[in-house]
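To start, the structure under review is shown below, and the notes come after it.
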Amino acid sequence: MATLILVTGAARSGKSEWAEQLAAESGKSVVYIATSQENPDDAEWQDRIEKHRSRRPESWRTRSIPVDLKSAILDSTASDCLLIDSLGTWLANLLEQSESEWQATREALLESFEQTDSLIIFVAEETGWGVVPAYPIGRLFRDRLGNLTRRIGAIADTTYLVTAGHVLNLSQLGIRLKQQ
């Protein structure tokens, strides 16, 4: 079974930087899985991507995988640390899936953890602390991401919350809810 670390937090909280630090300190071969898709027409998005790239050591391999995370996980080995940034962007790439398609995709991802011995660090956005989104697609995104991070957090070896530049180890501070 994979060793799972979940790093969650709000936008610009420092969650990616914390995940990168954990990966760098892992002693493993780091494979950075970028779930975003480049968009040359969006200069601000391209700038965000470039800032992430500039922080990565040259020794890290980068793979752009906007949809098929399961295959990336199954291709990994015990000597790998997969840093998957981010679950929210990955989910956004799949929002057009029907509920049954999404459930199958989510379950396949969760089952893939049992088929590898790699270290997997997930970065996930916290979206549920604000107002209820006004539009159905926003509510769908918030609900699917919240449920996915809850499922991963329930089985993760360690879960961190990064807020205002501070890291909280929820695995040490919190009590796990029973799985539904």
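With a cut-off of 8 Å between alpha carbons and a minimum separation of six or more residues, what is the relative contact order of region 1-94 in percent?
38
Using the Karplus curve 6.51 cos²θ - 1.76 cosθ + 1.60 with θ = phi - 60°, work out ³J(HN,Hα) for each residue of region 103-113 in order, rounded to whole Hz, and write x for Gly and Pro.
Residue by residue, region 103-113 yields 4, 5, 4, 4, 5, 4, 4, 4, 5, 5, 4 Hz.
Can you give me the Kirkwood hydrodynamic radius for the chain, using every pair of distinct Cα atoms, in Å to one decimal?
Value: 16.7 Å, from the Cα pair sum.
Would you be so kind as to identify which of Leu170, Leu82, Gln115 lies farthest towards the positive end of the dipole of the chain, taking Lys and Arg as +1 and Asp and Glu as -1 on Cβ and the Cα centre as origin?
Leu170
Find, to one decimal place in angstroms, the Kirkwood hydrodynamic radius of region 83-180, where the mean of 1/r is taken over every pair of different Cα atoms and then inverted.
Working: mean 1/r = 0.0679 Å⁻¹.
Taking every pair of different Cα atoms in region 83-180, averaging 1/r and inverting gives 14.7 Å.
Hey, got the dipole for the chain? About the Cα centre, +1 on K and R Cβ, -1 on D and E Cβ, debye to the nearest 20?
540
How many percent of all Cα-Cα pairs in region 1-90 sit more than 16 Å apart?
So the pairs more than 16 Å apart make up 55 percent of the total in region 1-90.
Is it possible to state the helix-based mean residue ellipticity at 222 nm for the chain, with each DSSP H run of 4+ residues giving -39500 (n - 2.57), the sum divided by total residues, to the nearest 500 deg cm²/dmol? What is it?
So the calculated ellipticity at 222 nm is -12500 deg cm²/dmol.
Determine how many Å³ per residue the convex hull of the Cα atoms of region 41-119 encloses.
In region 41-119, the Cα convex hull volume per residue is 100 Å³.
Near the amide H of Val30, under 5 Å away, which other amide H atoms are found, from residues 5 or more places off or on another chain, if H is placed in the peptide plane?
Under 5 Å from the amide H of Val30 lie the amide H atoms of Arg61, Cys81, each far enough along the sequence or on another chain.
So between Glu44 and Arg61, what do we pick up on full extension, going 0.36 nm a residue minus the alpha carbon distance? List each step's numbers first, then the result.
On the way: separation 17, 0.36 × 17 = 6.12 nm, distance 2.40 nm.
Once the chain is fully extended between Glu44 and Arg61, it gains 3.7 nm.
Using θ = phi - 60° and the Karplus relation 6.51 cos²θ - 1.76 cosθ + 1.60, list the HN-Hα couplings for region 49-54 in order, rounded to whole Hz, with x at every Gly or Pro.
Per residue, the Karplus-derived 3J(HN,Hα) values read 4, 5, 4, 5, 4, 5 Hz.
P(r) tail for region 123-174, what percent of Cα pairs lie past 19 Å?
For region 123-174, the share of Cα pairs beyond 19 Å comes to 35 percent.
How much length would be gained if the chain were fully extended between Gln37 and Leu74, taking 0.36 nm per residue of separation minus their Cα-Cα distance, in nm to one decimal?
Computed gain between Gln37 and Leu74 is 11.2 nm.
With an 8 Å cut-off on Cα pairs and a minimum separation of 6 or more residues, tell me the relative contact order of the chain in percent.
37
Please report the antiparallel percentage of the DSSP beta bridges confined to the chain, to the nearest 5. Each step should come with its number before you reach the end.
Working: 4 of 31 bridges.
Here the share of antiparallel DSSP bridges comes out near 15 percent.
Applying the Karplus parametrisation 6.51 cos²θ - 1.76 cosθ + 1.60 with θ = phi - 60° to the phi angles of region 57-65, what ³J(HN,Hα) value in whole Hz is obtained for each residue in order, glycine and proline being reported as x?
x, 5, 6, 7, 8, 10, 10, 8, 9
Taken together, the values in this text are just the output of simple stated rules run on the coordinates, not laboratory data. Remember, it's a predicted structure, so these values are computed and weren't measured experimentally. All Cβ positions, glycine included, derive from the backbone under ideal geometry; neighbour counts span all protein chains shown.
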